[in-house]
Amino acid sequence: MNKVSVLLTSKWSWKLLEEAERWGIQRPEECLSCGACVGACPAARTSSYNFRKIIRDVILGNEEKVLSSREIWYCFYCFYCTSKCPSRVEIPYFIMRLRRMAMERGYGGDILRILVYTSSNLIEHGVSVLPSDYDRMNPISAEENMVKLREKLGLPPVMRVSEKAMEELRTIFEETGFRKEVEGIRSGKWPFKGISEKY
Amino acid sequence: MVNEKWLEKIPADGPFYLFQGCFINHNYPGIEAATRFILDVLGTKYFVSEDQSCCGLPEFGALATPLILTCLVGRNIDVMRRYASYVLTPCNGCYSAFHTSTFLMKDHDVAAKTEEILGKLGKNYSPMMVIHFADFIYKRLEDIVVKSVKVLGGLRMAVHYGCHYFVFEEEGLDSRENPSFAEEIIRRLGGTPVNYTAKDECCGFGMIQQVVHKNMAYAITEEKINSILDAGAEAILVICPYCLNVLDRNQKVLRDIELIEKAIPVIHISQLVALILGADTDKVGFETHSVDVKPFLDRIEERKVEFKGWSSAEVASSQKGG
Ligand code: SF4
Ligand code: SF4
C-alpha cells in the first residue's frame, strides 16, 4: 500500500475495497498513480474516463459522486490496463463491482434497458443471441435466413436448449434472483435513477 | 513466445466437447461449419448436446452479477463432462466465460451460493479444461499443412487476437505482450503475417460499448483498421466472432463518413483453415460478412507439390528393394 493511501485509509466510508478483495482482485489502493493504464486505455482516448480520478474519489469516500456518474459505464472491459499496470490492478473487475453497486443504489437503468435483451433471450430460450438478432431491423426475415443458411452449410438446425435443461435453468434464474432483476429492468421499476453526465 | 506448458496439455486427438456459442450458432454459422469441417478432416471426435445453454458472459457483462455466470458455467460443465474431458471453443467470449467463472469462485460467498444452487440440481462445481480452437489449430499445424490442398499465396494478413484471449495468463498459447502463434499459422499456410502498431488493442466492441456508447466503439475500430491498413495488410485474421462482427460491420459506417479509405476483409481462423483444407468457398458462411471477401479468396491458390528429385534415403531403399 502506498503512503497516500495509508494516510487516507481512515476516510474510507464504504466496504468497497474489502469487497474488491473478496472478488480476488488486486486491491486498487496498490495503485502507484503512474498513469500507465490511462495511456493504454481506449475509454480514456474516447471519453472523459480516467481511472485514476475514479480511484481517487473512491479513496476519498465520494461514493455517491462515483456511483451516480456515467464515468463507470465507459470501460471497455478490455484488460489492456491490467496488462500494462506494474501492480496488476484489475481495473475492469473493479469497475464491474462499481457498476453493480451503482445498480443497487438505483442507477444505470437507462443503460441496462439497452443491454437487457440478451438476458430476456436467456430466460426465454436458454441462449443470449437468437437468429432473429442477426438483423434487429427485420427479425422475422433474419430468423428465416439464418435457418436457411445453416441448412445450406450442411449444419444441424439452430441450437435449441432441451426442455430438461430449461427446467434446470429456471431454477437457476429463480434462485440467483436473476429473473426478478431482469423483469425489474424491463418494466422500468429497477434501477430507476438517471445517471449524472458531469464528473 | 509460445507457452509450451499449455501446448503440451492440449490433447491432439480429443475427444472434445465442442461448445456451441450462441453468437456463432445463431449469427455466424459459417464459423461453426468451418470448425466442424476441420475436426472431421483431422479425424478428431467431438460432441455437442442440446442440454447445453449459453455461456453466461453477456449477462455478467451487462448486470455484473457473478452468480448467473458461475451457475451457468457449473451446469454446462456438468453436461459436457458426460461426453468428454476437454472443451473446445472458437469464441473468445465463451472461452473467457469459463475462466472468469473460475476466477469469481475465489469469492467464498459466490462459491458457497453457487454450490448451494447447483446442489438443488444435484450437481456441483468443478472446472474443466477449456481450450481455444485457435490453440488446437496450432497444436495440429503439422497435420494441417500435410493435409492442405490450398496455400495463401503470400497474402499479407494482420492478426487481431482479441482482448479476452489474454485475460488469464496461465491459459492460452500466448501473452498480450508479443503474441506470435497465429502469425506462425499464417506463415506455415503460405501467407505473410504483418505487424501493426495497434495490434494489442480492442476491436471496439468493448463488452457493452458497441451498443451503449457507439461513437466510442467506432473511434476504436477506426484506430485499429487504420493501423492495419497503414501496415499494408490485405486481410485481417481474427479468432473470435465478436471481433469479426465489429471489425467487419463497423467498416461500413467508417467508410460512409470517410474515416477509413478502403475496406479490408475480416476472416475467422476456422474459415481460413477450412478453406486451406479444401472446404468450398460457399460453405464457410461469407454471406454473413459485410466487407467483400473476394480480394482474400482471389489470393488462395492451389497447392502445387514441387518435385525436388528423390531424396538419397529413398533412392537407397528403392535400390535395395529393386
Ligand atoms: S497502471 Fe496501475 S499503478 Fe499505474 S496508475 Fe494505473 S492502476 Fe495505478
Ligand atoms: S479495461 Fe477499462 S479501464 Fe482498462 S484499459 Fe480497457 S477500457 Fe480502460
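The values are calculated or read from the model by the stated rules, or taken from the named source; none is laboratory data. Predicted, not measured: the structure shown is a model, and the values here were computed from it. Positions of Cβ are generated from backbone atoms using ideal geometry, with glycine treated the same way; all protein chains shown enter the neighbour counts. Remember, those area values only see protein heavy atoms, side chains included, never the ligands or the DNA or RNA. Shrake-Rupley method; radii C 1.70, N 1.55, O 1.52, S 1.80 Å.
Per residue of B:198-208, other chain Cβ atoms within 10 Å of the residue Cβ number 5 on average. Using only the C-alpha atoms, the convex hull of region A:115-183 corresponds to 88 Å³ per residue. Only protein heavy atoms count here; under a 1.4 Å probe, B:F19 has an accessible surface of about 10 Å². Karplus-derived 3J(HN,Hα) values for region B:43-55, using 6.51 cos²θ - 1.76 cosθ + 1.60 with θ = phi - 60°, are x, 9, 7, 8, 10, 9, 8, 7, 7, 7, 10, 4, 6 Hz; glycine and proline are entered as x.
Taking A:K65, A:K180, A:K148 in turn, the Gaussian network model of chain A (Cα-Cα springs below 10 Å) assigns the largest fluctuation to A:K148. For labels at B:K9 and B:H108 in the simple 7 Å Cα→Cβ model, what's the distance in nm? Placing both labels 7 Å beyond Cα along the Cβ direction yields 2.7 nm. Run a plain Debye calculation on chain A (Cα atoms as equal point scatterers, no solvent) and give log10 I(q)/I(0) at q = 0.08, 0.13, 0.19 Å⁻¹, rounded to two decimals, same order as the q list. Calculated log10 I(q)/I(0) at the listed q: -0.38, -0.86, -1.28. Cut-off under 17 Å on the C-alpha distance; same-chain residues fewer than 8 positions from A:K198 excluded. Which aspartates and glutamates are left, in chain and number order? Straight-line reach from A:K198, under 17 Å: A:D57, A:E63, A:E64, A:E71, A:D110.
For the chain pair A and B, the interface hides roughly 6200 square angstrom of accessible area in total, found with a 1.4 Å probe.
Close amide H partners of A:S69, meaning residues 5 or more places away or on another chain with modelled amide H under 5 Å apart, are A:S196.
Close amide H pairs (under 5 Å, H built 1.01 Å from N) link B:I131 with B:V87, B:L88, B:T89, residues at least 5 positions away or on another chain. Rounded to the nearest 5, what % of DSSP beta bridges with both residues in the protein assembly as shown are antiparallel? About 10 percent, rounded to the nearest 5.
For the cross-link pairs A:K152/B:K45; B:K150/B:K304; B:K45/B:K150; B:K199/B:K283; B:K5/B:K139; B:K45/B:K147, which exceed 19 Å when the distance is taken from alpha carbon to alpha carbon? It would help to have the intermediate numbers written out before the result.
On the way: A:K152/B:K45 23 Å; B:K150/B:K304 8 Å; B:K45/B:K150 24 Å; B:K199/B:K283 29 Å; B:K5/B:K139 12 Å; B:K45/B:K147 17 Å.
Going by Cα-Cα distance, A:K152/B:K45; B:K45/B:K150; B:K199/B:K283 fall outside the 19 Å limit.
Shielding value for A:128-135 is 6, the average number of Cβ atoms from other chains within 10 Å of each residue's Cβ.
Could you report region A:10-104's accessible area per residue, 1.4 Å probe, as an integer in Å²? Please list the in-between numbers first.
Details: 3330 Å² over 95 residues.
With all protein chains present, region A:10-104 gives 35 Å² per residue.
When DSSP beta bridges are restricted to pairs lying wholly in region B:141-302, around 15% turn out antiparallel. The tail of the calculated P(r) for region A:10-104 beyond 17 Å holds 44 percent of all Cα-Cα pairs. Other residues lying with their Cβ under 11 Å from the Cβ of A:I91 contribute a combined charge of +3, Lys and Arg counting +1, Asp and Glu -1. Applied to region B:285-290, the Karplus parametrisation 6.51 cos²θ - 1.76 cosθ + 1.60 on θ = phi - 60° returns per-residue 3J(HN,Hα) values of x, 5, 4, 8, 8, 9 Hz, with x for Gly and Pro. Take A:S196, project a point 7 Å from its Cα along the Cβ direction, then tell me which residues of region A:70-90 have their backbone nitrogen under 16 Å from it. Residues A:70-73 fall inside that zone. Heavy-atom accessible area of B:L173 with all protein chains present, probe 1.4 Å, nearest 10 Å²? Accessible area of B:L173: about 0 Å².
Between the Cα long axis of helix A:51-60 and the first principal axis of chain A there is an angle of about 60°, rounded to the nearest 10.
Listed values for region B:145-152 are Karplus-derived 3J(HN,Hα) couplings in whole Hz (6.51 cos²θ - 1.76 cosθ + 1.60, θ = phi - 60°), namely 4, 4, 7, 5, 10, 10, 9, 7, and x replaces Gly and Pro. Distant-in-sequence amide contacts of B:G190, defined by a placed amide H-H separation under 5 Å and a gap of 5 or more residues or a different chain, comprise B:L152. Ordered by 1.4 Å accessible area with all protein chains kept, B:Y161, B:Y125 run largest first as B:Y125, B:Y161. Given R₀ = 56 Å, what would the calculated FRET efficiency be for A:E144 paired with A:R22, taking r from the Cβ atoms and rounding to 0.05? E between A:E144 and A:R22, to the nearest 0.05, is 0.75.
Each part reduced to its alpha carbon centroid, region B:82-110 and region B:187-240 end up 26 Å apart. What a 1.4 Å probe finds exposed on the protein assembly as shown is 52% carbon and sulfur by accessible area, rounded to a whole percent. Counting only cysteine Cβ atoms and a cutoff under 4.7 Å, the protein assembly as shown contains unmatched residues A:C31, A:C34, A:C41, A:C75, A:C85, B:C22, B:C54, B:C71.
Would you list B:K224, B:K262 from the most to the least accessible area, probe 1.4 Å? All intermediate terms of the calculation are to be shown ahead of the outcome.
On the way: B:K224 0, B:K262 115 Å².
Per-residue accessible area, sorted high to low, gives B:K262, B:K224.
Reported value for chain B: 153 Å³ per residue, from the convex hull of its C-alpha atoms. Computed from Cα atoms alone, the Kirkwood hydrodynamic radius reported for region B:141-302 is 16.1 Å. Descending by average beta-carbon neighbour count within 10 Å, the peptides B:97-107, B:176-186 line up as B:97-107, B:176-186, the highest first.
Taking every protein chain into account, the 1.4 Å probe leaves A:D110 with about 100 Å² of accessible area, to the nearest ten. Ordering of A:68-77, B:267-276 by packing is B:267-276, A:68-77, highest average first (other Cβ atoms within 10 Å, averaged per residue).
Quick one: plug the Kirkwood hydrodynamic radius of the protein assembly as shown (C-alpha pairs) into Stokes-Einstein at 25 °C, 0.890 mPa s, and report D in µm²/s.
Numbers: Rh = 24.1 Å.
The calculation lands on 102 µm²/s.
Counting Cβ atoms of other protein chains within 10 Å of each residue's Cβ and taking the mean over peptide B:30-37 gives 3. Dividing the mean sequence gap of close Cα pairs (under 8 Å, 6+ apart) by how many residues region B:4-133 holds gives a relative contact order of 30 percent.
Can you put A:S48, A:S87 in order of accessible area, largest first, using a 1.4 Å probe?
On the way: A:S48 65, A:S87 25 Å².
From most accessible down to least: A:S48, A:S87.
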